[in-house]
Amino acid sequence: MMRRLHLFEFGDQQWFPQILRDAETAYLATCYRILPMLPRRWAERISTVLHVGEPADILDLCSGAGGPLPLIIEELEKRGYQARVSLTELYPNPKSASHPRIVWLAEPVDATRVSPKLAGVRTMFSAFHHFRPDAAKAILKDAFDLRRAICIFESGPRTLLAAGMMVGVPVAVLALMPFARPFLWAYVMFTYLIPLMPLIVLWDGMVSILRLYSPEQMKELTEDLQAPDYAWEIGRIQVRGIPGGLPYLIGRPIP
């Protein structure tokens, strides 16, 4: 049986106010802008499932505010791919898209049951840990059954050091929230006048570290999803300044 803590996160709750949900995902997107090494390394891995000369369509799952995707598009362009991205969510946030090659799908999309009509390489950034093992496996099985490429990345390791570093998150929220886009006075209010956001992001960040799937657990999720025409790649991406490496999983059809 997989040993893993799956504690409460505010961002997972249906009752969580949309303005606070949007503020949290906007803060995370801002973090990606100031830490471009993560999108750069992720783009390197995504490029391994793309084909030069063919459309680089990406279907992003659990998109939040679009997170690292503007930077990933730029990195893929440097490698010769003209990427186009469709963002999807159970709680779509269309106002967060501000890139000419990024569009939001207005209808809610369940990452465990993606419509076969939605084409493209599936991606998921810093969201896989939100799903319990049965749902996480359903996400992988859906891509496997339809023979769709899927790239899953997490932005932190599940270590005590990573959990300890989260104590600095409230300060980071106070420093970065004015730079979140789109700028909303409500974000300012709930960061400084009614300081909910520093506490919410701290709690959700700590819980996320505890929820993360290790590469070994990712392998366990895929162990009975095997076929000669589909391959899994699972490991850790080493990033300077982040000890332990970042878990990732890539599934790809084999021609």
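Here, each number is a calculation from the coordinates, and none is a lab measurement. This is a predicted model, so every value here is computed, not measured. Because the Cβ atoms are built from the backbone with ideal geometry, glycine has one as well, and the counts that use them run over all protein chains shown.
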log10 of Debye I(q)/I(0), alpha-carbon scatterers only, for the chain at 0.08, 0.11 Å⁻¹: -0.29, -0.57
For region 89-142: span of alpha carbons on each principal axis (Å, largest first): 35, 23, 18
Estimated Rh, region 1-145: Kirkwood, alpha-carbon pairs, angstrom: 16.0
Paramagnetic reach from Ile194 (point 7 Å along Cα→Cβ, amide N under 15 Å) across region 1-26: 16-24
P(r) tail fraction, region 32-77 - alpha-carbon pairs more than 18 Å apart, %: 26
Given charges at Cβ of Lys, Arg, Asp, Glu: region 67-185 dipole, positive-most of Ala172, Ser98, Val121: Val121
Scattering curve values for region 102-181, log₁₀ I(q)/I(0), Debye with Cα scatterers, q = 0.10, 0.14 Å⁻¹: -0.38, -0.68
Val103 versus Ile254: modelled label distance in nm, points set 7 Å from Cα along the beta carbon direction: 3.5
Region 201-248: C-alpha pair distances exceeding 13 Å, %: 67
Segment Glu233-Asp12, extension gain: residue separation times 0.36 nm, minus the distance between their alpha carbons: 76.8 nm
Cα-centred dipole magnitude for region 5-160, charges only on beta-carbon of K, R (+1) and D, E (-1), debye, nearest 20: 320
Debye-sum result for region 142-230 in log10 I(q)/I(0), which assumes one identical scatterer on each alpha carbon, at q = 0.22 Å⁻¹: -1.04
